[in-house]
Amino acid sequence: YLKRLESDPPETLDGVTGAYARLLKHLLRRPVVMFLGSIFVLVGIFMAFGRFNAGVEFFTETEEKYGQVAVRAQGNLSVDEVRSIVQEVERRVIATPGVVSTYSASGAGGTQGGGARPPEKDQVGTLLVELDDPVNLSKRTREVFKDINENTKDIPGVIVNANAFEGGPPIGKPIQIQLSSFNYDKLVAEARKLHHSLATKFEGLRDITDTTPLPGIEWELEVDRSLAAQMGANIIEVGRAVQLVTNGVKVGEYRPDDADEEVDIRVRYPDSERGMMALDELRVNTLNGSAPTSSFVSRQAKPKVDKIERVDGGEYIMVRADVQEGVLADSKVKEISQWLAAADIDPDVRVEFRGANEEQENSKAFLTVAGALALFLMFVLLVTQFNSFYQAALILSAVIMSTAGVMLGLMLTQQTFSVILTGVGVVALAGIVVNNNIVLIDTYNHVRHTDSELTPAEAVVRACAQRLRPVFLTTVTTVLGLLPIATGVSVDFVGRDVVAGGVIASFFVPLASAVVYGLVFSTILTLVVTPVLLVMPQRALYLFKLYIYGPLSQWWQNRQRLSEHSSN
């Protein structure tokens, strides 16, 4: 059979190869029509994807066994009150089906790390949650965390937010809006207005927070220095007296036998003498004896001062929001951007998107540059190998076909476009799909060189028939190898286990899907479009001579004859 491919006309063969050769011979009779048809198909796929795509996401939602539950509450809560709140949340979390164990800690910084999100200002406790293996669960792990949010949402005065650890780059909440300004009052007002708008005007958002100062009171003691000097009071003594009511005066240090660090020794008044009214009853020693501090010190209540954050010299406030299960953050970012463009935002306040949106745009730019550079380097190598700009460009046309195949597959299956994983898959396809074109074009050049009597169309049919089997084998082996991962199935040959929807497989589904969709589609088009484009130059030259050069040449000859006839 292989010997017949080298000598006999491929159209006379039986089986798939003969049928393909006969189809190809028929298509090569109208290469221009086929070329325009392929252009129409590719443009149609790109336009349809722009309208009917399922959306864009920065990374992808992976199955995660571990997650974090953040407990938030406002108020001057004691240690016992905080512990009681965290214990109540833990009781409800552990009762949620699918939760195996929890580890709780009071305070804003407990159980941080390992994909956990940074604490909010009003966070009073954190729970590290471990779920059962995804194989044993009857639902996705993301739905278990959704159930935790539902079971804990009715605790009075407490806000609970449960999230799985991020499987990709740590970005925190997917929607992060930064407001910056040199006018602090306007900045706080716009931040609170934006917070309210996100909570009331947009559906699909949850756990909306901001970094505006929390409500609170600070007591400020103002010393009248002139009166203090008249009474002979020392300001340092006043400060020490106040410390006896608050944190205590440090008098020394010691290190216990079971500790590695030293512990402060502080002296304070008894609990019964440390109330707010004790500040008005303080007395200090002066040159004239003991005197009440109320004679020259006044106590005033002022708003509590929070930490100050600046960027480029101006203060900024972050407004963050999470999205509900099944809602794409990219779609909400676009919706919020359109609203901000028409909203009445103070011109002194600058609004920017940070977090996932910023990382997504940076990743798009990087992958675009990386893809363009890879194509340029491949083009240079192909030109030096084939000594033809046209054939080098023809080989790289497979990249456009593979990209269209990825978009067609995502559109038909309604999968989201992952900027990181799907983007990497598209770039990786550039180095895979060109192999088929290289094989076909190199064989075509070899056939033309060894048998110069063949026309370009005959040489194309013979070359494609000879390389049909290698092209199919390359595509089929690659697709079958990636198909389990693309469908979310993880095969463990060592442990002899097959897991559907596991943690590992869910991570690579977008990448494997992109390679499968692009490779299948580009292979089909390569076997049809590449042969057509190989005979296009000769066909275009023939049509040019027939319909343009021939009539123009005839017109010019007729004009010359008329000119000679008129001169005679």
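The values are calculated or read from the model by the stated rules, or taken from the named source; none is laboratory data. Bear in mind the structure is a predicted one, so any value in this text is a computation, not a measurement. Counting neighbours? That spans all protein chains shown, and the Cβs are built from the backbone with ideal geometry, glycine included. These area figures cover heavy atoms from the full protein model, side chains too; ligands, DNA and RNA do not enter into them. Shrake-Rupley method; radii C 1.70, N 1.55, O 1.52, S 1.80 Å.
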> Before we move on, is GLN414 more than 22 Å from the chain's Cα centre (by Cα) and either buried (at least 23 other Cβ atoms within 10 Å of the Cβ) or touching a residue at least 12 places away in the same chain (Cβ under 8 Å) (or both)?
Replying inline: no
> If ILE265 passes every condition in (1) open to solvent by 60 Å² or more (accessible area, probe 1.4 Å); (2) of a type in the set (Val, Ile, Thr); (3) at pLDDT below 85 but one, which one does it miss?
Replying inline: (3)
>> Can you report the number of residues in segment 206-215 which are more than 30 Å from LYS146 (Cβ to Cβ) and surrounded by 13 or more Cβ atoms within 10 Å (Cβ to Cβ)?
In response: 1
> Can you name the condition, by its number, that GLU88 falls short on among (1) within 30 Å of THR530 (Cα to Cα); (2) outside any loop (DSSP other than H, G, I, E, B); (3) open to solvent by 50 Å² or more (accessible area, probe 1.4 Å)?
Replying inline: (1)
>> Go through segment 19-30 and report how many residues are farther than 21 Å from GLU453 by Cα and modelled with pLDDT under 85.
In response: 1
> Going through segment 105-124 one residue at a time, which ones are at positive phi and either open to solvent by 60 Å² or more (accessible area, probe 1.4 Å) or modelled with pLDDT under 55 (or both)?
Replying inline: THR111, GLY113, GLY114
> Which helices (runs of 4 or more DSSP H) sit wholly inside segment 364-462 and have at least 2 residues that are of a type in the set (A, V, I, L, M), in contact with a Phe, Trp or Tyr (Cβ under 6 Å, 6 or more places away or on another chain) and within 27 Å of VAL32 (Cα to Cα)?
Replying inline: 389-413
> If you check every pair at least six apart or on different chains, which have Cβ atoms under 7 Å apart with a residue in segment 491-508 that is of a type outside the set (A, V, I, L, M) first and a residue that is open to solvent by 50 Å² or more (accessible area, probe 1.4 Å) and not in a loop (DSSP other than H, G, I, E, B) second?
Replying inline: PHE508/ILE485
>> Is it the case, given these coordinates, that GLY481 is touching a residue at least 12 places away in the same chain (Cβ under 8 Å) and either within 22 Å of PHE379 (Cβ to Cβ) or under 27 Å from the mean Cα position of the chain (by Cα) (or both)?
In response: no
>> Six or more apart or on different chains, Cβ atoms under 6 Å: show the pairs whose first residue is in segment 440-458 and on the phi < 0 side of the Ramachandran plot and whose second is of a type in the set (Ser, Thr, Tyr) and buried (at least 17 other Cβ atoms within 10 Å of the Cβ).
In response: LEU440/THR530
>> Out of GLU237, GLU222, I need the residue that is touching a residue at least 24 places away in the same chain (Cβ under 8 Å), in contact with a Ser or Thr (Cβ under 6 Å, 6 or more places away or on another chain), open to solvent by 30 Å² or more (accessible area, probe 1.4 Å) and acidic (Asp, Glu). Which one?
In response: GLU222
> How many residues, within segment 125-139, are within 26 Å of ARG72 (Cα to Cα), surrounded by 17 or more Cβ atoms within 10 Å (Cβ to Cβ) and within 25 Å of the chain's Cα centre (by Cα)?
Replying inline: 3
> free of Cβ contacts under 8 Å to residues at least 24 places away in the same chain and either open to solvent by 50 Å² or more (accessible area, probe 1.4 Å) or in a helix (DSSP H, G or I) (or both) - does that describe any residue in segment 162-182?
Replying inline: no
>> For the condition open to solvent by 30 Å² or more (accessible area, probe 1.4 Å) and closer than 30 Å to VAL333 by Cα, what is the one hit in ALA404, ALA356, ALA370?
In response: ALA370
> Do the conditions hold for GLU190, that is, is it at pLDDT 90 or above, acidic (Asp, Glu) and surrounded by fewer than 18 Cβ atoms within 10 Å (Cβ to Cβ)?
Replying inline: no
>> Pairs needed: first member in segment 138-156, touching a residue at least 60 places away in the same chain (Cβ under 8 Å); second member anywhere, open to solvent by 40 Å² or more (accessible area, probe 1.4 Å) and assigned to a loop (DSSP other than H, G, I, E, B); C-beta distance under 7 Å; at least 6 residues apart or different chains.
In response: THR141/LYS65; ARG142/GLU61; ARG142/GLU325; GLU143/GLU325; LYS146/GLU325
>> Among the listed residues VAL498, VAL494, identify the single one that is at pLDDT below 80, in a strand (DSSP E or B) and surrounded by fewer than 20 Cβ atoms within 10 Å (Cβ to Cβ).
In response: VAL498
